[in-house]
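Data block below; observations after.
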């Protein structure tokens, strides 16, 4: 082996090693991100169509898929991949990852509620309602679950009484809910239509 060839091999080995360490740091960081709080269903639309979504970072998605290739039951990696897909408006793609995450962490109300919301946005309203019930079995006072449950009853099932019941339960269980004023307004509006 010539000196020049040996130097090229050494440089290539160093670059490969640095790239591997950087990849490991990035994946470690991504997996270290805590589970996000289940978010509300945007209310701007009365249909299953969601608000415009963010563009997914395909490299980030692939990093999670790489982790799942070697550890398919990794609840955190499944949840984070599902969250990224959900945030990009790719709800149907997110569902199996949320399902796998929930199978591995069946007491996580946020994962359950995010799964329900993804089901709703995928046009699977009855399955969404069933999943929200699982969320409430975990935490009957979970504000986002109750808020979203009301939205699905109102918009997905055309069931104002179901929405009213969910939102009244929300205000009773979580009186300091961040969007309590908005919930009271929606309740008053629905009650005026139902009466």
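The values are calculated or read from the model by the stated rules, or taken from the named source; none is laboratory data. Remember, predicted model here, so these are calculated numbers, not experimental data. Every residue, glycine among them, receives a Cβ derived from its backbone with ideal geometry; neighbour counts consider all protein chains shown.
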Legend entry - Residue identified as out of contact with any strand residue (DSSP E or B) (no Cβ under 6 Å at 6 or more places or on another chain) and surrounded by fewer than 23 Cβ atoms within 10 Å (Cβ to Cβ) among 101, 128, 92, 118: 92
Inset, instruction - With respect to residue 38, determine if the residue is buried (at least 16 other Cβ atoms within 10 Å of the Cβ), at pLDDT below 95 and closer than 24 Å to residue 156 by Cα. - result: yes
Inset, instruction - Just name the residue that is farthest from the chain's Cα centre (by Cα) out of those in region 79-127 that are under 20 Å from residue 54 (Cβ atoms) and outside any helix (DSSP H, G or I). - result: 122
Inset, instruction - Output the residues belonging to region 148-167 that are surrounded by fewer than 16 Cβ atoms within 10 Å (Cβ to Cβ) and more than 17 Å from residue 131 (Cβ to Cβ). - result: 158, 161, 165
Legend entry - Qualifying residue in region 60-68 (condition: at pLDDT 95 or above and surrounded by fewer than 21 Cβ atoms within 10 Å (Cβ to Cβ)): no
Legend entry - Tally of residues being closer than 26 Å to residue 123 by Cα, in contact with a helix residue (DSSP H, G or I) (Cβ under 8 Å, 6 or more places away or on another chain) and either in contact (Cβ under 8 Å) with a residue 40 or more places away in the chain or not in a helix (DSSP H, G or I) (or both) across region 156-185: 4
Legend entry - Per-region count, region 170-179, residues over 11 Å from residue 142 (Cα atoms) and within 22 Å of the chain's Cα centre (by Cα): 2
